[in-house]
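The values are calculated or read from the model by the stated rules, or taken from the named source; none is laboratory data. Please read these numbers as outputs of a predicted model, since none were measured by experiment. Here Cβ is always computed from backbone atoms with ideal geometry, including for glycine, and neighbour counts include all displayed protein chains. Surface accessibility is based on the protein's heavy atoms, side chains included, excluding ligands, DNA and RNA. Shrake-Rupley method; radii C 1.70, N 1.55, O 1.52, S 1.80 Å.
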There are 2 protein chains.
Amino acid sequence: MSDTRERVVVTEVGMRDGLQSIARTMPTEFKRRWIDAAYAAGVRHMEVASFVPAKLLPQMADADAVIAHALTYDDLTVTALVPNLKGAQRALEAGVHRIVAPISVSAAHSLANVRKTPAEMIDAFAAMRELIDSAASDAGADASAGAAATASGHVRVGTRGHRVELIAGLSTVFGCTLQGAVPYADIAAIARAAAQAGADVIALGDTTGEATPRQVGEIIELVRDAVGNTLRSLHFHDTRGLGLANTLIALQHGIREFDASLAGLGGCPHAPGATGNVNTEDLVFMLDSMGYDTGIDLTRLLASRAVLADALPGEPLYGYLARAGLPKQFAAAGPSSGSSFDSTESQVLQ
Amino acid sequence: MSDTRERVVVTEVGMRDGLQSIARTMPTEFKRRWIDAAYAAGVRHMEVASFVPAKLLPQMADADAVIAHALTYDDLTVTALVPNLKGAQRALEAGVHRIVAPISVSAAHSLANVRKTPAEMIDAFAAMRELIDSAASDAGADASAGAAATASGHVRVGTRGHRVELIAGLSTVFGCTLQGAVPYADIAAIARAAAQAGADVIALGDTTGEATPRQVGEIIELVRDAVGNTLRSLHFHDTRGLGLANTLIALQHGIREFDASLAGLGGCPHAPGATGNVNTEDLVFMLDSMGYDTGIDLTRLLASRAVLADALPGEPLYGYLARAGLPKQFAAAGPSSGSSFDSTESQVLQ
């Protein structure tokens, strides 16, 4: 049976955002097992590490080893987060496919997080763009099979010969715990500046878990007006229980790429109210039920939580589906059914 | 400032559905305190009891006393759930404003829950309709101030002189743990039968927490095609984390009445996966953020959880908002802002 369902990309970011947000460090071997289990469940996009000083984030000190393992899967898109040019250099050398650079739209958050204003981060982002392009030139003719010319004329080839995408991860887009409201004009201006600085993709992040449904729709349209379809991905936290409702609105506004963390791993040891990303299992369940194709097997995905339980005993693991299980007779909805359930003949009142 | 925001009715059902679903019995005095606290927070619709044999549900044995207390508030709409004619008689005598009769669209669930087929429940429902109408006739001229003629010719006046609404609470509409899928044709047929039997309101209940967003939209349209605007209210459980996403879809399909439980109280001692209704605080937060007027003060609503903590020590209380708190600068969105946050002048990149 050919599958004509619409594709939605779910990127597992628990290995980066989740692990970065808890106090303990997951041993490298467990990170490898997590990647294996996620891959076995059908996950084909993972953000597996960030390149930041090990003193600041010892959880991410094994970024090279983790990325090397992820790259053993030919069809796995491997992403790393980098805050600066040095991180971008390391990510390129490690051979990732995608580099995400966080750019806070809140000046207060940007200064606190990376000691740069948003404008300074845009400059740093432009420098990353140049670095990636020059790395592509250096890779030369032997990498030409993997090279790709973009509309903007960039040729992006990583040091291992594959195309590298640069993603501007706009953070605190939906509110900032330091600044409070972030003016819409700022969001649009920074999105436009990031696109002009060479972003292949603009992603919007609800860093502080303050996004609400109506606002999500408004901001997607605002940013799309500014940068068109370079806006491609959404990153929600589930701090106030609206992660899936916000995702639903984003779907209605045409977004087809979402970040999520297995077991909602995350939270922040220093901020009791903070919580992790949208739970991968619950997100995939919702998408499946709506007839979207994620390529992810829910039963295997649920089983992969065992890696976290083994690696991080005592760490809270979240998730509704893990607790309640799949509904009886649940199956991913096909393109024509429009429902997760068989509509068989009427049995009563006839 | 006049408030032109659109109204959404949130009915607190924790005193009935929540308390009925946990093993312990809340002392009557705490139920009174809960009603007081909910009222103080602005809640004006509460389902406070069910009339079922005390042997089956000792948690509800004090229904008369609880309803008597609720009725001390002049502008509080007081609802009771009743499974049969005897319960309807008791509810009328107690003086409630609304009677909800559950009618399962799943034959398997209906037989297990009330030992009647759905068709037999429709007959019982029609008998309740007659009872309410004859009680209204008995109430006679002295109650004429409270009488109201409906389009169907029914005159509904309770024994205390006020109008009584009869609600058909269709249950297991979105799936049944016993039967699995419930055919759409059954749902439509039973909704139509309930309307013909005299339902003032059709409410749809996700008894088993299996509802998913696309399905919610489909079933709302299906039932609306069958019964028009008699379909008025939705009752979600949050078993698989989709309660608010489902609510969002229902809002988009014109529904403006929702049931919810403070602290998501509920779950079922005999079914580990079952969970309570959609959390009242989180629901009101979402509605506020989207510019709807619930009349409920979130800070006071959050404070009212203390009654549950006092009354049911050790009982798990759920809720994202209770954990994370309101976002900085959050305020209910007005009709023109379209956002919960002030959009002040741009501060950066200019």
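In table form, for the structure just shown:
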quantity: Residue in the stretch B:37-51 that is touching a Leu at 6+ places or on another chain (Cβ under 9 Å), open to solvent by 20 Å² or more (accessible area, probe 1.4 Å) and among the β-branched types (Val, Ile, Thr) present; calculated: no
quantity: Selection from the stretch B:98-111 of residues that are in contact with a Leu (Cβ under 6 Å, 6 or more places away or on another chain) and open to solvent by 10 Å² or more (accessible area, probe 1.4 Å); calculated: B:VAL100, B:ALA108, B:HIS109
quantity: Subset of the stretch B:284-319 [of a type in the set (A, V, I, L, M), open to solvent by less than 10 Å² (accessible area, probe 1.4 Å) and either part of a loop (DSSP other than H, G, I, E, B) or at pLDDT below 95 (or both)]; calculated: B:LEU312
quantity: Among (1) over 30 Å from A:SER289 (Cβ atoms); (2) at pLDDT below 90 - the single one B:GLU130 does not satisfy; calculated: (2)
quantity: Residue within the stretch A:210-220 that is open to solvent by 10 Å² or more (accessible area, probe 1.4 Å), more than 14 Å from chain B (Cβ to nearest Cβ), among the basic types (Lys, Arg) and closer than 27 Å to B:LYS328 by Cα present; calculated: no
quantity: Residue in the stretch A:189-207 that is more than 9 Å from every other protein chain (Cβ to nearest Cβ), surrounded by 20 or more Cβ atoms within 10 Å (Cβ to Cβ) and over 20 Å from the mean Cα position of the chain (by Cα) present; calculated: yes
quantity: Which listed residue, of B:ASN277, B:ASN246, is away from chain A (no Cβ under 12 Å) and either touching a residue at least 12 places away in the same chain (Cβ under 8 Å) or open to solvent by 10 Å² or more (accessible area, probe 1.4 Å) (or both); calculated: B:ASN277
quantity: Checking A:GLU93 against (1) surrounded by 18 or more Cβ atoms within 10 Å (Cβ to Cβ); (2) more than 27 Å from A:GLU210 (Cβ to Cβ); (3) touching a Ser or Thr at 6+ places or on another chain (Cβ under 8 Å), the condition it does not meet; calculated: (1)
quantity: Qualifying residue in the stretch B:165-184 (condition: crowded, with 21+ Cβ neighbours inside 10 Å, hydroxyl-bearing (Ser, Thr, Tyr), farther than 17 Å from B:VAL9 by Cα and within 13 Å of chain A (Cβ to nearest Cβ)); calculated: yes
quantity: Test: residue in the stretch B:230-239 that is closer than 18 Å to A:TYR292 by Cα and either part of a loop (DSSP other than H, G, I, E, B) or at the interface with chain A (Cβ under 8 Å from one of its Cβ atoms) (or both); calculated: no
quantity: The stretch A:39-67: number of residues that are within 29 Å of A:ARG300 (Cα to Cα), assigned to a loop (DSSP other than H, G, I, E, B) and touching a residue at least 40 places away in the same chain (Cβ under 8 Å); calculated: 4
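Okay, residues lined up against (1) touching a Gly at 6+ places or on another chain (Cβ under 6 Å); (2) in a helix (DSSP H, G or I); (3) at negative phi:
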{"residue": "A:GLY209", "(1), (2), (3)": "no, no, no"}
{"residue": "A:VAL216", "(1), (2), (3)": "no, yes, yes"}
{"residue": "A:GLY241", "(1), (2), (3)": "no, no, no"}
{"residue": "A:ALA245", "(1), (2), (3)": "no, yes, yes"}
{"residue": "A:LEU248", "(1), (2), (3)": "no, yes, yes"}
{"residue": "A:ASP282", "(1), (2), (3)": "yes, yes, yes"}
